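Data block below; observations after.
Please treat every number below as a calculation from the coordinates, not as lab data. Computed from a predicted model, the values in this text were never measured in an experiment. Because the Cβ atoms are built from the backbone with ideal geometry, glycine has one as well, and the counts that use them run over all protein chains shown.
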């Protein structure tokens, strides 16, 4: 394994670092002020459109897509350090580069499983950043950590499908630019438990689609995910050609979608931890308590040292996972994908927590990005599968090596 950055990655890292320093970080306060002035927490402030236009002008666009027909054609290993940089400003940078969830996963899904007509109608404007999308999988009435529990009905009726059910944590649906919902539901409840589900494309303005409310994350809108929503689907009719792929492959599509999404989150989490450690070190050198700078306090030095160790461990595991995905495929990297999904959010949460502690009351206020960073890191211990599910699956895979066949 050689994790040295190649020429193209180094070039993009330099360009992205410059873009972040010159445009994104200065825009963080502007973005917050514009959202507050709009009076709508899910409003799209003008500064975001300005950042997207500048990123596209610089060629920093759709970096996450490895298929050169649609994106930059980077490998996972090439994209990892770039995604890490965007994690330093996770509420602005990913969307500015058109690399924000849930659109990234939805674009990958449409690129791999969508029909030519579906790609033309929905993928093309998503790639251009003209619209946003939502992913509707989780439901309030069932334990959605087990995706086979999904109960929303997708029933064939002639040349249409009829959708009935309720979703929540439908990422992206509160964004005013959201125009398409990717909905997972059951087309055949009597089939094998992993063949009951299908996915279907539902335009957001279809009759019967009712957005009940936006879901906050520790009080935040959880940008740049476009706002999570609770949505009712009551007799929603869409043409049969809106089905993604074929009936019964929804669970497989979901797994294919979530694999890259998990590593993208982890790449950004490393950058979030780096931002928190930087703020911790700056605070420690600037503040004095009990007659000494915080940087001379033994416990603070322990936090700083331990943060560096944990970040480096997580980064190496993320890079190994990216390398495996490139060389043996997502299935071959399944163990490592689960491992980073367990380890990286916990690492980032720990580092941010120590940075908050060093900042005192300021750390939990709106005057630093730390509270919002912590909320996002903590949420990612649930999103795309909770820790416990990944641990159980990982342990099961590990035990197979030591279990004699019966």
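A straight line joining the Cα centroids of the stretch 360-406 and the stretch 60-119 runs 22 Å.
Would you mind getting me the FRET efficiency between residue 160 and residue 57? Use the beta-carbon distance for r and R0 = 41 Å, nearest 0.05. Write out the running numbers ahead of the final one.
Working: r = 42 Å, r/R0 = 1.03.
Taking R0 as 41 Å, the efficiency between residue 160 and residue 57 is 0.45.
Measuring max minus min along each principal axis, the C-alpha atoms of the stretch 1-52 give extents of 49, 22, 15 Å (largest first). For the chain, what is one quarter of the convex hull surface built on the Cα atoms, given in nm²? Orientation-averaged projected area of the Cα hull: 21.9 nm². Using a Gaussian network for the chain with springs between C-alpha atoms less than 10 Å apart, which of these wobbles most: 160, 228, 264? Looking only at 160, 228, 264, the largest GNM fluctuation is found for 160.
Overall, the anisotropy analysis places the stretch 7-114 in the oblate class: the square-rooted eigenvalues a ≥ b ≥ c of its C-alpha gyration tensor yield a/c not less than 1.5, with a/b not exceeding b/c.
Between 341, 331, 320, the Gaussian network model of the chain with springs among Cα atoms under 10 angstrom shows the greatest mean-square fluctuation at 331.
Taking label positions 7 Å along the Cα-Cβ direction at both residue 255 and residue 4, the computed distance is 3.8 nm, reported to one decimal. Among rounded, prolate and oblate, which fits the stretch 132-244 when a ≥ b ≥ c are the square roots of the eigenvalues of its C-alpha gyration tensor, a/c under 1.5 means rounded, and a/b larger than b/c means prolate? Note, shape of the stretch 132-244 comes out oblate.
For the stretch 328-403, how big is the tail of P(r) above 14 Å, as a whole percent of Cα pairs?
Distances greater than 14 Å cover 66 percent of the Cα pairs.
Projecting label points 7 angstrom from Cα along Cα→Cβ for residue 326 and residue 21 puts them 2.5 nm apart. Bin all alpha-carbon pair distances of the stretch 251-400 at 10 Å intervals from 0 and give each bin's fraction as a whole percent. Histogram of Cα-Cα distances, whole percents per bin: 11, 37, 29, 16, 6, 1. For the chain, set up a Gaussian network in which alpha carbons nearer than 10 Å are linked by springs, and say which option among 18, 84, 230 fluctuates the most. Looking only at 18, 84, 230, the biggest GNM fluctuation is shown by 18.
Note on the stretch 273-315 and the stretch 214-245: Cα centroid distance 40 Å, given to the nearest whole angstrom. Note on residue 188 and residue 49: with the Förster distance fixed at 35 Å, the Cβ-Cβ geometry gives a FRET efficiency of about 0.20. Here the stretch 274-332 has an Rg and Dmax of 17.3, 56 Å, counting Cα atoms alone.
Grouping the Cα pair distances of the stretch 109-183 into 10 Å bins from zero gives a pair-distance distribution of 18, 39, 37, 6 percent in increasing distance order. Calculated over the stretch 68-219, the projected area of the Cα convex hull averaged across directions stands at 10.8 nm². Counted by neighbouring Cβ atoms within 10 Å, the residues 281, 99, 136 run from fewest to most as 281, 99, 136. Going by a ≥ b ≥ c, the root eigenvalues of the Cα gyration tensor, does the stretch 71-143 fall in the rounded group (a/c under 1.5), the prolate group (a/b larger than b/c) or the oblate group? Since a/c reaches 1.5 but b/c is at least a/b, the shape of the stretch 71-143 is classed as oblate.
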